[in-house]
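J.: Quick one: this structure, given as structure tokens, is what I'll be asking you about.
The values are calculated or read from the model by the stated rules, or taken from the named source; none is laboratory data. Computed from a predicted structure; not experimentally measured. Here the Cβ is made from the backbone with ideal geometry for all residues, glycine too, and neighbour counts use every protein chain on show. When the accessible area is computed, the model is the full protein with side chains, heavy atoms only, and any ligands, DNA or RNA have been set aside. Shrake-Rupley method; radii C 1.70, N 1.55, O 1.52, S 1.80 Å.
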Amino acid sequence: MTRSAICLALAGFLLAGCTLTLPKATPPQPPAAAASAPAPASAPAPAAAPAPPPKPPEPPRAAIEPARVLQGDFAVLRLDQPVSGEVTVQVQGLAEQPRTYRLEGRPVAFIGFPAAARVGVYPVTVTWPDGSWQGQVEVVKKAFTEDRLVVSQELENTYYDPRSDQEWARVFALRSRSAPRPLWQTPFRVPLDGKLDITTYFGEIRYVNGKETGRHSGMDFGAGKGTPVHAPAPGQVILAEKLILSGNMVIIDHGLNLFTAYYHCDTLKVKPGDWVETGQVIGTVGNTGFSLGDHLHWTATIGNTPVDPWPLTLMPPLGFRGPAAEPLRPTRS
């Protein structure tokens, strides 16, 4: 084909509205992203240190206060934390063993020593189901005076009346149990008002018509017939009746194995089962039973062991009374 013919053909295409489509240029593509490299593995967390084992609980500890007591006095034993199961207290060489109670779960016991207790060290063992404690209490000598009575044959026969043994066996049984909590909050008051006429002290060595009969179990106060006798602290009356030796007598349970008793009364103002408050009149002074005249015999006992009642008036029985020392006393009139 000649150049002229080719030109004519191209002109015809253009006139016919035909266009020549040219391929579009493909835009440049970014280079393919490189495959993500796996993230480096993180370092393992350090293992937690094992928790220390719990400390074993401290074993219960006991304390005896005071650690030294006079003959005829008492000490208080306490454990510093609650323990489960039965708790017993054994005092080597003591005839009547302490009874244990619980205050806020913690065991407590009075240890009473009679006026004639042997001077020296008494080993103490406290046991419970999963443990025990050992300690000691020392009894030191106390100077006791003598009380020599000269009485009629009739009164001497009263003193040795064999029927009184049965009466005292019943009294001992009544004092074999006690309220499981202290019924007092303050020191005890003396059972008589006014100036005290002390005629016989606790623990005096007694002779009746020249024969030694033992130790005086309480304090005697001389007073006129009919003088009111007051309860020294709250408690429950467990006995109020006439016995051969003690005459008209009242016994009050103050809780935790602590009792007081009032002998030779003329009249009784309470009955067994009565609850009494400090200062309440429980009887009147008299001359009944084995007695040489109007007076009040005041006794305190731990269980059935007589102890000096006067320290009860110095501070509450559960209070710490310090090392053994002669208690302050009213002057004998």
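J.: Against the condition under 23 Å from Ala75 (Cα atoms), within 25 Å of the chain's Cα centre (by Cα) and at pLDDT 95 or above, how does Leu318 come out, does it pass? Walk me through it before giving the result.
T.: Details: under 23 Å from Ala75 (Cα atoms): yes; within 25 Å of the chain's Cα centre (by Cα): yes; at pLDDT 95 or above: no.
It is false that Leu318 is under 23 Å from Ala75 (Cα atoms), within 25 Å of the chain's Cα centre (by Cα) and at pLDDT 95 or above.
J.: Scan the stretch 123-132 and tell me whether some residue there is part of a strand (DSSP E or B), farther than 30 Å from Gly203 by Cα, modelled with pLDDT of 90 or more and among the small types (Gly, Ala, Ser). Walk me through it before giving the result.
T.: At the first step, the residues of the stretch 123-132 found to be part of a strand (DSSP E or B) are 123-128, 131-132.
Those left that are additionally farther than 30 Å from Gly203 by Cα: 127-128, 131-132.
Still in the running and modelled with pLDDT of 90 or more: 127-128, 131-132.
Next, from what is left, pick out any that are among the small types (Gly, Ala, Ser): 131-132.
Within the stretch 123-132 (the criterion being part of a strand (DSSP E or B), farther than 30 Å from Gly203 by Cα, modelled with pLDDT of 90 or more and among the small types (Gly, Ala, Ser)), the answer is yes, since at least one residue qualifies.
J.: Could you tell me whether Phe221 is assigned to a loop (DSSP other than H, G, I, E, B) and either touching a residue at least 24 places away in the same chain (Cβ under 8 Å) or not hydrophobic (A, V, I, L, M, F, W, C) (or both)? Spell out the reasoning first.
T.: On the way: assigned to a loop (DSSP other than H, G, I, E, B): no; either touching a residue at least 24 places away in the same chain (Cβ under 8 Å) or not hydrophobic (A, V, I, L, M, F, W, C) (or both): yes.
No, not satisfied.
J.: Next up: When you check Pro232 against the structure, is it crowded, with 23+ Cβ neighbours inside 10 Å, out of contact with any Asp or Glu (no Cβ under 7 Å at 6 or more places or on another chain) and not in a strand (DSSP E or B), yes or no? Lay out the reasoning, then the answer.
T.: Working: crowded, with 23+ Cβ neighbours inside 10 Å: yes; out of contact with any Asp or Glu (no Cβ under 7 Å at 6 or more places or on another chain): yes; not in a strand (DSSP E or B): yes.
Yes, satisfied.
J.: Can I ask one more? Has the stretch 178-190 got any residue that is over 25 Å from Asp73 (Cβ atoms), buried (at least 19 other Cβ atoms within 10 Å of the Cβ), in contact (Cβ under 8 Å) with a residue 60 or more places away in the chain and hydroxyl-bearing (Ser, Thr, Tyr)?
T.: No; the residues of the stretch 178-190 include none that is over 25 Å from Asp73 (Cβ atoms), buried (at least 19 other Cβ atoms within 10 Å of the Cβ), in contact (Cβ under 8 Å) with a residue 60 or more places away in the chain and hydroxyl-bearing (Ser, Thr, Tyr).
J.: Check Arg99, Arg170, Arg148 and return the single one that is in contact (Cβ under 8 Å) with a residue 40 or more places away in the chain, within 29 Å of Gly226 (Cβ to Cβ) and either of a type in the set (Lys, Arg) or open to solvent by 20 Å² or more (accessible area, probe 1.4 Å) (or both). Steps first, answer last, please.
T.: Details: Arg99 fails: within 29 Å of Gly226 (Cβ to Cβ); Arg170 fails: in contact (Cβ under 8 Å) with a residue 40 or more places away in the chain.
Arg148 is the lone residue from the list that is in contact (Cβ under 8 Å) with a residue 40 or more places away in the chain, within 29 Å of Gly226 (Cβ to Cβ) and either of a type in the set (Lys, Arg) or open to solvent by 20 Å² or more (accessible area, probe 1.4 Å) (or both).
J.: Sort out which residues of the stretch 194-218 are in a strand (DSSP E or B), over 17 Å from Asn287 (Cα atoms) and open to solvent by 20 Å² or more (accessible area, probe 1.4 Å), and write them in order of number. Let's see the steps before the verdict.
T.: Kept after step one, since they are in a strand (DSSP E or B), are these residues of the stretch 194-218: 198-200, 205-208, 211-215.
Now restrict to residues that are over 17 Å from Asn287 (Cα atoms): 205-208, 211-215.
Selection gives Ile205, Arg206, Tyr207, Lys211, Glu212, Thr213, Gly214, Arg215.
J.: Pairs under 7 Å by beta carbon, first residue more than 23 Å from Thr127 (Cα to Cα) in the stretch 50-76, partner open to solvent by 80 Å² or more (accessible area, probe 1.4 Å) and modelled with pLDDT of 95 or more, six or more apart or different chains?
T.: Partner pairs satisfying both residue conditions: Gln71/Lys141.
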